[in-house]
Structures are given as structure tokens and as C-alpha cells.
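Only one structure is covered here, and it is reproduced in the block below.
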Amino acid sequence: MFRQYDLNDIHERARAAFIGMAIGDALGATVEFMTAPEIQASYGVFRDITGGGWLRLRPGQITDDTEMALCIARAIVQSQGWSLERIAANFAAWLKSRPVDCGDTCRKGIRAFMLNGTLEAPPNQWDAGNGAAMRLLPVALFSLPDGTLLSRYMLEQAHLTHNNPVSDAACLCLGRMLHQALCGQSKMQLRREADGLVARFPCFSFQPYHGLASAYVADTMQTVFHWFFRGRTFEECLVGTVNQGGDADTTGAICGMLAGAYYGMESIPRRWIRKMDRRVISEIEELTRQLVVASPVGRCW
């Protein structure tokens, strides 16, 4: 039923999405928590992977955004299917390893699993951060192109740490946009998806753009939408996003996955790929391949 899709093209777009996410994470981490004027004063336009920042990272080092996505991807491959318990266990092992960074809401949800085996955080109006959205790419790849599976898996992984309707809406919209981009849809189609989110949840409105790039998921998605739809290349989208500052590793990661899926591997600057940890990139490439092969579109090919 999925023969109309070009599986080779989907593989390449999926690879670009996961590598683009890691690049956006590593690029944005340097300027995380800086304001746009501070970035301009220090760098002019920040466009190179240099490490440093408040976390004192190595050039090309990833943070919790990519690390949590890798936890999900490994769980799917290890389980040869969807296992929320395995994802939670991978999050727990990751947290025990003392990662370079972990958001408070993610930490709270993971600790609840570690202490009580909890697989769903209680609904909380204050848990509208971007921690569930930043890590969702493997879910989009594994469910491609089945919207029903996407919705189920997306909310299950989100609710491990973030059980909030605004976070849920962001995750579902971003997941659908990734499916569309991975299948070669136009930016006009992706824009209709974003506009639909804004119609349902006006807090995501990004026209006019107010320049907020905090960890509140609505601010995060406003920034990603503004620069993704304004940019004409992968680099333009990502540079514009991270130069907004704020939670720049996460806005960078989300924009990187979306722009990577849309523009493909050839659009990602070689200078950025060369700066990344080769072992991380190799694992990403192998996990991406296995996720696509195990997805509905991959199984039917």
C-alpha cells in the first residue's frame, strides 16, 4: 500500500533529519541562554560549531536533546518494536550516567519511573516545556507514514515526562510535519499543518514573530516555525534559529530535524558534519536505517 513512496529518498531524508537534529543541538548549545543581541555582539552571526557555552562542551558534542532521542531509537531497535518500558529504562540508565544536562521536567518523570515504575506523569499545567518535542524524531521515523501509530506512540513517549495539552499539541504537529517532509511534501503543505496548530492553540502563533525562544514549548515552536518557513536552505533555517538564543540547543535540534527532513543530506554543510563525533554520527546512521526498515513503509516495501 506504500509503494508510491521512494524508499531510498525516505532513507536519505531520515538520515538528514537525525544528523540535522544532532548538528542543531551541537551548534545551538554554544549560545544557549544568550540573548540575540548578546550573540550579535559576541559573534556577529554565529554559524560555526565551536563547543564551549555554559556547559563547556567539546566542539560537536551533543546534549540531552539528541541523547534522549538516541535512547528512544535504541529502545525500539533493542525491542524490535514499540516498548514504552524499554524507553523508560533507557532514560533511567542515561540519567544515572550523569549526562551533561537534563531538564527539570524530564528528570522528574524519569525519577518517578526509577522509584515507582511510573510510565505516565500526572497531568500538569506547568509541564508545557519542550522536552517531549525535542526527542520525538525516532517516533516519527518508526511510525512512518501511519498517522494513527504516530499519535499513539508520540503521546506515550511524551507522557513519560510531559503530560500537558500544549506539549501534546506541539508533539503531534511536529510529528505530522516530519512525516510530510520525509515523504517529500512541499513547504506549503507543512505550513498548513503549522497553521492548523495555531488555529487550535493560538499560543503557537508566530506571525508576527515576537522573538521568544525559551523552553516553553510554544516559544520554541514559534522560533522554529519562523525560521524554517523563512529560510531557503538548511543552513539559513538553522543559523537563524540558533542566533535567536534562549534554549538554542533545543530550538536548533528541532529545526535541524525538520529542515534535514525537508532539504535532505546534500543540504547539510560538510563543515558541520566534520565537526561532529564520528561515533555518534555512525550510530545515528545505523539506528536511522533500522527505524525506517522497521516502519510501516519499510515493512511494506
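The values are calculated or read from the model by the stated rules, or taken from the named source; none is laboratory data. Bear in mind that the values here come from a model prediction, so they are computed numbers and not experimental data. As a convention, Cβ positions derive from the backbone with ideal geometry for all residues, glycine included, and neighbour counts pool all protein chains shown.
Observations on the structure shown:
- Of everything in the stretch 15-24 that is out of contact with any Gly (no Cβ under 6 Å at 6 or more places or on another chain) and closer than 22 Å to ARG58 by Cβ, the residue that is surrounded by the most Cβ atoms within 10 Å (Cβ to Cβ) is ALA22.
- If the condition is being polar (S, T, N, Q), under 17 Å from the mean Cα position of the chain (by Cα) and in a helix (DSSP H, G or I), then the stretch 58-117 contributes THR66, THR105.
- For VAL77, the requirement of being touching a helix residue (DSSP H, G or I) at 6+ places or on another chain (Cβ under 8 Å), surrounded by fewer than 16 Cβ atoms within 10 Å (Cβ to Cβ) and β-branched (Val, Ile, Thr) is not met.
- Members of the stretch 152-208 found to be without any contact (Cβ under 8 Å) to a residue 24 or more places away in the chain, of a type in the set (Ser, Thr, Tyr) and buried (at least 16 other Cβ atoms within 10 Å of the Cβ), listed by number: SER205
- Boolean, TYR153 is among the aromatic types (Phe, Trp, Tyr) and farther than 20 Å from GLY28 by Cβ: yes
- Counted residues, the stretch 265-295 - those being within 17 Å of CYS183 (Cα to Cα) and in contact (Cβ under 8 Å) with a residue 24 or more places away in the chain: 8
- TRP82 passes every criterion in (1) surrounded by 14 or more Cβ atoms within 10 Å (Cβ to Cβ); (2) over 26 Å from ALA158 (Cβ atoms) apart from (2).
- Selected residue [farther than 27 Å from PHE142 by Cβ, in a helix (DSSP H, G or I), within 19 Å of the chain's Cα centre (by Cα) and modelled with pLDDT of 95 or more] from VAL239, VAL224: VAL239
- The residues in the stretch 23-51 that are over 21 Å from the mean Cα position of the chain (by Cα), of a type outside the set (S, T, N, Q) and within 26 Å of SER267 (Cβ to Cβ) can be counted, and the count is 5.
- Pair list, Cβ < 7 Å and 6+ apart or interchain, from the stretch 129-148 residues that are over 21 Å from THR161 (Cα atoms) to residues that are assigned to a loop (DSSP other than H, G, I, E, B) and aromatic (Phe, Trp, Tyr): PRO145/PHE2
- Test result for ALA121, at pLDDT 95 or above, part of a helix (DSSP H, G or I) and closer than 26 Å to ALA213 by Cβ: no
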